[in-house]
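Before any comments, here is the structure.
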Amino acid sequence: MFCLINYKGVDKPLPWDGLIVEVGFGRGEFLLKLARDNPEKKVLGFELSGISIEKLLKKLRREDLRNVHCTRIDAYWGFHFLLRDGSVERIYINYPDPWFKKRDYKRRLTTRKNLYMFHRKMRQGGIIRIRTDYGPFAEFSLEEAEWLGGFDTTMRELSVKEPLTKYERRWLSEGKKLYELTLKKSGETRPVETPKVKEVKELFPVKVEGRTPQFDRLENVEEKLEDRVYTKFFRSYTREGVFLIETLLSEEGFTQKFFIEARRKGEHWLVDVSPHSEVLRTENLKKVVQLVAERGFKP
Ligand SMILES: C[S@@+](CC[C@H](N)C(=O)[O-])C[C@H]1O[C@@H](n2cnc3c(N)ncnc32)[C@H](O)[C@@H]1O
């Protein structure tokens, strides 16, 4: 398998066990070190930033490491879609965005919702190691983990005498405090309501007979499909007889942007996701295609 995993197309869940995962690997040096230090293990990085992914791939062109993989996805959904329960041995989260304002706490990587998902994918005795230079973030993460249960927790300050990265050594020598929180899976958590998105094996085109597409009718239309599931349509185009509309689907916070097309086939039209858009096939995506077939044609 290539280093860069296309989570939309790959067979899920990944067949790996005893995995080491880094969440938000940034420049990627630590992820590469994990891969070098653990040649017998699969090392997987989740990142939201396309630039970070590019930087990692560039570094990998200079170094032949076969056990390191990455994908561009929010960590919660990466764990949800790609990993088997009990398959993760270690998770590293280094210096995550602290999200200082209270109203942004829900964006933090160590919310109970995320910790619950990480816990589920970890094996007994597996660990999450979080490092941060922001004390209140460390406290928040500890409180979330203790609320959830199912972890033995330890928190400590890093010492300059330890073998640390060059950045950590510099920060400590400048007098900055660095915190390390370790969460070891030791039992069951409290139950937590978590967002789920249901994948389907196939998306079938919808056949429309006796009517002509008029996708501009849908431009800027927003629709709630169900609780926490929304779609929005943007610009429509016609290209070589194919009608296209740019579409966004947000399911429980998992967002995809793609084109839906209508293409003539004999006497009727086939409405489908454009073959140029790569998508994760979900039940709600089927509903959006259906909606375009119902509302995107001349009455
Ligand atoms: C402050 S940087 C730290 C980068 C690196 N770990 C380091 O120590 O230098 C946080 C990184 O986490 C990534 N990130 C933030 N939220 C994320 C999420 N929900 N899933 C995956 N990556 C995320 C960001 O794109 C960013 O690259």
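The values are calculated or read from the model by the stated rules, or taken from the named source; none is laboratory data. A quick note: this is a predicted structure, and the numbers were derived from the prediction, not measured. Glycine gets a Cβ as well: all are built from the backbone with ideal geometry, and neighbour counts include every protein chain shown.
Considered as a group, the residues in the stretch 131-190 that are β-branched (V, I, T) and at pLDDT 95 or above include one that is nearest to the ligand (Cβ to nearest atom), and that residue is T132. Scanning the stretch 237-254 for residues that are part of a strand (DSSP E or B) and charged (D, E, K, R) turns up R239, E246, E251. Taking the stretch 39-106 and the strands (runs of 3 or more DSSP E) fully enclosed by it, the elements with 2 or more residues that are under 13 Å from I5 (Cβ atoms) are at 43-47, 68-72. Could you list all residues from the stretch 255-269 that are more than 15 Å from F204 (Cα to Cα) and either aliphatic (A, V, I, L, M) or not in a strand (DSSP E or B) (or both)? Passing the criteria: G266, E267. Comparison of K121, K102 shows that the only residue that is touching a strand residue (DSSP E or B) at 6+ places or on another chain (Cβ under 9 Å) and of a type in the set (K, R) is K121. Taken together, I53, I20 contain a single residue that is hydrophobic (A, V, I, L, M, F, W, C) and either within 10 Å of the ligand (Cβ to nearest atom) or free of Cβ contacts under 8 Å to residues at least 60 places away in the same chain (or both), which is I53.
Okay, residues lined up against (1) more than 12 Å from the ligand (Cβ to nearest atom); (2) in the same structural domain as R108 (by TED's automatic domain parsing); (3) crowded, with 16+ Cβ neighbours inside 10 Å:
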position	(1), (2), (3)
K42	yes, yes, yes
G45	no, yes, yes
S49	no, yes, no
L57	yes, yes, no
H69	yes, yes, yes
F79	no, yes, yes
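Considering each residue of the stretch 262-286, count those that are among the charged types (D, E, K, R) and closer than 24 Å to P13 by Cα, and give that number. Final tally of qualifying residues: 4. With respect to the conditions (1) more than 12 Å from the ligand (Cβ to nearest atom); (2) on the phi > 0 side of the Ramachandran plot, G28 lacks only one, and its number is (1).
Across the stretch 81-108, which residue is nearest to the chain's Cα centre (by Cα) among those that are acidic (D, E) and away from the ligand (no atom under 14 Å from the Cβ)? Applying the filter and picking the extreme gives D85.
Within the stretch 12-23, identify whether any single residue is surrounded by fewer than 18 Cβ atoms within 10 Å (Cβ to Cβ) and over 23 Å from I127 (Cα atoms), and answer yes or no. Yes, the stretch 12-23 contains at least one residue that is surrounded by fewer than 18 Cβ atoms within 10 Å (Cβ to Cβ) and over 23 Å from I127 (Cα atoms). Restricted to the stretch 225-236, and to residues that are among the basic types (K, R) and part of a strand (DSSP E or B), which residue is surrounded by the most Cβ atoms within 10 Å (Cβ to Cβ)? The selected residue is K232. Close contacts from the stretch 141-169, counting a first residue that is within 23 Å of R27 (Cα to Cα) and a second that is surrounded by fewer than 14 Cβ atoms within 10 Å (Cβ to Cβ), with Cβ to Cβ under 8 Å and a gap of 6+ residues or different chains, come to V160/S173; R169/V160. Filtered by the rule that a residue be crowded, with 16+ Cβ neighbours inside 10 Å and part of a loop (DSSP other than H, G, I, E, B), the stretch 172-191 gives L178, T189. Taking T110 as the residue in question, decide whether it is in a strand (DSSP E or B) and among the β-branched types (V, I, T). It is false that T110 is in a strand (DSSP E or B) and among the β-branched types (V, I, T).
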